[in-house]
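All remarks here apply to the structure that follows.
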Amino acid sequence: MTRWRPISRNRLRELDGPAHYMPATSRHGETPGSPVPGPHGEEPVADGVEVRLAFAPLHKGAFGAAIGATAALLVLALTAFHLILEPGAPNLELLAVYFRGYTVSWRGAFIGAAWAFGVGFVGGWFFAFCRNLAIAISIFITRTKAELGETAEFLDHI
C-alpha cells in the first residue's frame, strides 16, 4: 500500500502540463489537442490541478500543529485580555476543570496555552485522519463504480 504524500501546486503542474481537451470531432476547425475555450472564450474551467488539490490529503502533523498553535494563542490571548482589561473574569476559571494547573494568572495563561496546544494538536490530527480516510473511501468507491461501469458489458461479448 502506498502512502499519501502532500503535493504542491507547482509539482502537479510539472506532472500534468497544460490542460487540453481532445474532441472526437472538431466542430470549429481546431486541431485535436488544442485547448478548447470555455463558453465565453475564457480558459478551460477544470484542468485537473484544482481537482487534485481539493482531494489531496491533509498532512496530519502539520494540521494538528496549526490547530494546536491556534488554540494555544487563543487561550493565552483570552487570559491576557482578562488579566489586563477585565480583572474579574467570572467564567474563565472553569478552564481549570479541563486544563490541570490553569488559573487566571500569567503563569496559568502559559499552562493553559500548553494544554490547549496538546488538545488542539490531538483534535487537529484526528480531524485530518478522519478527513483523509473519508476522502480515500469515497475515491475508492467512485473508482470502483467507474471500473465496473466500463466492464459491465464485458460478459455480453463472450
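Each reported figure results from applying straightforward, stated rules to the coordinates on display, with no laboratory input. These numbers come from a predicted model, not from an experiment. Cβ sites come from the backbone with ideal geometry, for glycine too, and all protein chains shown count toward neighbours.
Miscellaneous remarks
- Counting neighbouring beta carbons within 10 Å and listing from fewest to most, the residues Phe127, Phe55, Phe117 come out as Phe55, Phe127, Phe117.
- Stretched out straight at 0.36 nm per residue, the stretch from Phe55 to Glu147 would grow longer than its current Cα-Cα span by 31.2 nm.
- Magnitude of the charge dipole for segment 59-158, about its Cα centre and with charges confined to Cβ atoms of Lys, Arg (+1) and Asp, Glu (-1), is about 460 debye.
- Comparing Leu78, Gly120, Gly108 along the charge dipole axis of segment 59-158, the residue lying farthest to the positive side is Gly108, per the Cβ-charge model.
- Length-normalised contact order for segment 59-158 - Cα pairs under 8 Å, 6+ apart - percent: 39 percent
- Compared with the alpha-carbon gap, the fully stretched path from Trp106 to Leu133 is longer by 5.7 nm at 0.36 nm per residue.
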